[in-house]
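Step one of this worksheet: look at the structure below.
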Amino acid sequence: MANVSAISQQIWDMKYRLKTSEGRPIENNITDTWHRVSKTLASIEKDPIAWEQNFFSILEDFKFLPAGRILAGAGSKRKVTLFNCFVMGTIPDDISGIFQSLKEAALTMQQGGGIGYDFSTLRPKGAPVKGVGADASGPLSFMDVWDSMCRTIMSAGSRRGAMMATLRCDHPDIEHFIEAKEQPDKLRMFNLSVLVTDKFMQAIKENSLWELKFDGITYKTLPARVLWEKIMNATFNYAEPGVIFIDRVNRQNNLNYCEKIQATNPCGEQPLPPYGACLLGSINLTKLVCSPFSNKAALNLPALENIVTTAVRMLDNVIDVSDFPISKQDDEARSKRRIGLGVTGLGDALIMCGARYGSDRSIELAKLWMKTIQRTSYLSSIELSREKGPFPKFDKEALFKRGFN
């Protein structure tokens, strides 16, 4: 049985422990949870028993931490998704399309997924709505609708809903978007980020004017630096909005030949295309330090490579095991088989190796560790493709023409 602290035990019991519908615990300890997850994700393998043991070996002692939806949902026999978050589809600029998008968001949240949306496609406040003799209420008014929906629907398990909203830096309502969090009760279920383009950054550099426009119509012109300062002041005062350098994101995306990214998941760590999903897992670096706090302290790189290799396969299996709230999410996940492999405990692992976080030595170590993860994960993906076939959207010429990032 794993040795866990009281707070860890409480969180596991509240969020991840398998229980009956009446709330009676089925699992006795975290080891039972690891066995459940390992068995479920190995079930699609040709040798499920062997892979169950391999998967359990990296979960044991918290060496690898799958995202919460995997821990909570895998093998639970509940109709829930094992993906933590999704970026939803492009919102059409008409009332039926808007509320169809709202419905998709509600279904996704009901199964436990957080959501991200780009509201830049909605016409600004005051723009005419042809055929009905009315003016548009603007994207922020519809964000209020999403906000109410999120408060109403309880995500699967003991966690509140989470959403990300993005808006382009040239949208006519961008100033209202930037100022939204000045009101303490406004959009509480949302994180906000401005989509910053290369042209906007160049306008800031040149101290030139910036046009706010929609559908070819300019609604306002102001100095680019004034708009940038508004973003920075709001971020300083209210911690929002964030910024996403969206042109750079798309330029550096290995899959930019078959997708365009306009939003991220709620916490902003993974930019995704429409209906894309974040399938996350973290390697606990503190469990891999040999002789910590001594002159011989070092990260066990062969052990790191082993965990990466197993984790890549484990996360890839989640795609085939998981339910999806809507079919477009299923299609997107299976066609690209995107996973997000990260780390936790970086600062602590550096300290254990005698390197102060932010020092030159810590940067050297972090580069070495992350390069090991990057190379091993690519090699593991190649081996998976040899065994199971490449992902359906794979385009050899497009990928190798541009190189990997």
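The values are calculated or read from the model by the stated rules, or taken from the named source; none is laboratory data. Model, not experiment: these values are computed from the prediction. Positions of Cβ are generated from backbone atoms using ideal geometry, with glycine treated the same way; all protein chains shown enter the neighbour counts.
Data for the structure
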read-out: Count of residues meeting criterion [among the β-branched types (V, I, T) and touching a residue at least 40 places away in the same chain (Cβ under 8 Å)] in segment 218-234; value: 1
read-out: Leading residue by the ranking (surrounded by the most Cβ atoms within 10 Å (Cβ to Cβ)) among those in segment 320-369 that are in a loop (DSSP other than H, G, I, E, B) and without any contact (Cβ under 8 Å) to a residue 40 or more places away in the chain; value: A355
read-out: Filter result for S141 (in contact (Cβ under 8 Å) with a residue 60 or more places away in the chain and either touching a helix residue (DSSP H, G or I) at 6+ places or on another chain (Cβ under 6 Å) or under 23 Å from I244 (Cβ atoms) (or both)); value: no
read-out: Of all residues in segment 277-291 being among the hydrophobic types (A, V, I, L, M, F, W, C) and in a strand (DSSP E or B), the one that is modelled with the lowest pLDDT; value: C278
read-out: Residues (part of a helix (DSSP H, G or I), within 24 Å of the chain's Cα centre (by Cα) and charged (D, E, K, R)) located in segment 228-248; value: D247, R248
read-out: Checklist (1) part of a loop (DSSP other than H, G, I, E, B); (2) assigned by TED's automatic domain parsing to the domain that holds K213; (3) of a type outside the set (D, E) applied to G75, failing item; value: (2)
read-out: Qualifying positions in segment 260-276 - in contact with a helix residue (DSSP H, G or I) (Cβ under 8 Å, 6 or more places away or on another chain) and either part of a loop (DSSP other than H, G, I, E, B) or more than 18 Å from F119 (Cα to Cα) (or both); value: K260, I261, Q262, P273, P274, Y275, G276
read-out: Failed item, numbered, when S294 is tested on (1) among the small types (G, A, S); (2) surrounded by 16 or more Cβ atoms within 10 Å (Cβ to Cβ); (3) out of contact with any Asp or Glu (no Cβ under 7 Å at 6 or more places or on another chain); value: (2)
read-out: The one condition in (1) surrounded by 22 or more Cβ atoms within 10 Å (Cβ to Cβ); (2) over 30 Å from R361 (Cα atoms) that A311 fails to fulfil; value: (2)
read-out: Filter result for Y257 (under 28 Å from the mean Cα position of the chain (by Cα), surrounded by 13 or more Cβ atoms within 10 Å (Cβ to Cβ) and hydroxyl-bearing (S, T, Y)); value: yes
read-out: Any hit, segment 387-405, residues being surrounded by 13 or more Cβ atoms within 10 Å (Cβ to Cβ) and under 30 Å from A298 (Cβ atoms); value: no
read-out: Options E179, E211: the member that is free of Cβ contacts under 8 Å to residues at least 60 places away in the same chain and in contact with a Ser or Thr (Cβ under 9 Å, 6 or more places away or on another chain); value: E211
read-out: Among the candidates S96, S21, S101, S57, residue that is surrounded by 16 or more Cβ atoms within 10 Å (Cβ to Cβ), farther than 19 Å from S282 by Cα and not β-branched (V, I, T); value: S101
read-out: Subset of segment 19-51 (residues that are aliphatic (A, V, I, L, M), in a loop (DSSP other than H, G, I, E, B) and under 15 Å from S76 (Cβ atoms)); value: I26
read-out: Output for segment 69-91, where each listed residue is in contact with a helix residue (DSSP H, G or I) (Cβ under 7 Å, 6 or more places away or on another chain) and surrounded by fewer than 19 Cβ atoms within 10 Å (Cβ to Cβ); value: G75
read-out: Qualifying residues in segment 382-402 (those that are acidic (D, E) and part of a helix (DSSP H, G or I)) - the one farthest from D316 (Cα to Cα); value: E397
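So that you can scan it fast, the table gives a plain yes or no per residue for (1) among the β-branched types (V, I, T); (2) surrounded by 12 or more Cβ atoms within 10 Å (Cβ to Cβ); (3) under 30 Å from S21 (Cβ atoms); (4) at pLDDT 95 or above:
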{"position": "V129", "(1), (2), (3), (4)": "yes, yes, no, no"}
{"position": "M143", "(1), (2), (3), (4)": "no, yes, no, yes"}
{"position": "G157", "(1), (2), (3), (4)": "no, yes, yes, no"}
{"position": "D170", "(1), (2), (3), (4)": "no, yes, no, yes"}
{"position": "E175", "(1), (2), (3), (4)": "no, yes, no, yes"}
{"position": "K186", "(1), (2), (3), (4)": "no, yes, no, no"}
{"position": "I204", "(1), (2), (3), (4)": "yes, yes, no, yes"}
{"position": "Y219", "(1), (2), (3), (4)": "no, yes, no, yes"}
{"position": "L227", "(1), (2), (3), (4)": "no, yes, no, yes"}
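Conditions tested, residue by residue: (1) touching an Asp or Glu at 6+ places or on another chain (Cβ under 6 Å); (2) touching a residue at least 40 places away in the same chain (Cβ under 8 Å); (3) of a type in the set (V, I, T).
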{"position": "N3", "(1), (2), (3)": "no, no, no"}
{"position": "Q9", "(1), (2), (3)": "no, no, no"}
{"position": "M14", "(1), (2), (3)": "no, yes, no"}
{"position": "L18", "(1), (2), (3)": "yes, yes, no"}
{"position": "S21", "(1), (2), (3)": "no, no, no"}
{"position": "I26", "(1), (2), (3)": "no, no, yes"}
{"position": "I30", "(1), (2), (3)": "no, no, yes"}
{"position": "V37", "(1), (2), (3)": "no, no, yes"}
{"position": "T40", "(1), (2), (3)": "no, yes, yes"}
